[in-house]
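Single-structure report; data block below.
The values are calculated or read from the model by the stated rules, or taken from the named source; none is laboratory data. Keep in mind the model is a prediction, meaning the values are calculated, not measured. Neighbour counts are summed over all protein chains in view; Cβ atoms, including those assigned to glycine, are modelled from backbone coordinates with ideal geometry.
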């Protein structure tokens, strides 16, 4: 049996470093990309909260004061963008989290925290809007 020598193949694909916002990376303008990122992060945080607390969408709907299909849409990676940021924040707060705002110079900082534990603080500042479920 003959052995084939393997030759190193050069990778011809080009890699680009992410900006930290997938929506900006795929071509949305800065403003739209920032809004979509915040909405996506809030949607993920709500979905993570439901998973962490083992809430069905039906139970979550009762807590949130909405119908189950709307919980499904909020948590959907393809439908979350139909909701406003303030609506998604209100639903996140209704799950037992707190929203605090602070102004430093011309920057407005929004922080979401869990009322159940001090960890899990998330800060929105400038165009970097990250949210992590507690």
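Results, tabulated for the structure shown:
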quantity: Residue within the stretch 52-65 that is more than 26 Å from residue 24 (Cα to Cα), outside any helix (DSSP H, G or I), modelled with pLDDT under 90 and in contact with a helix residue (DSSP H, G or I) (Cβ under 9 Å, 6 or more places away or on another chain) present; calculated: no
quantity: Matching option when the condition is closer than 27 Å to residue 33 by Cα, exposed (fewer than 15 other Cβ atoms within 10 Å of the Cβ) and in contact with a helix residue (DSSP H, G or I) (Cβ under 8 Å, 6 or more places away or on another chain), among 106, 102, 79; calculated: 79
quantity: Check on residue 99, modelled with pLDDT under 80 and either under 23 Å from residue 20 (Cβ atoms) or touching a strand residue (DSSP E or B) at 6+ places or on another chain (Cβ under 9 Å) (or both); calculated: yes
quantity: Residue check for residue 45: touching a residue at least 60 places away in the same chain (Cβ under 8 Å), touching a helix residue (DSSP H, G or I) at 6+ places or on another chain (Cβ under 7 Å) and under 30 Å from residue 16 (Cα atoms); calculated: yes
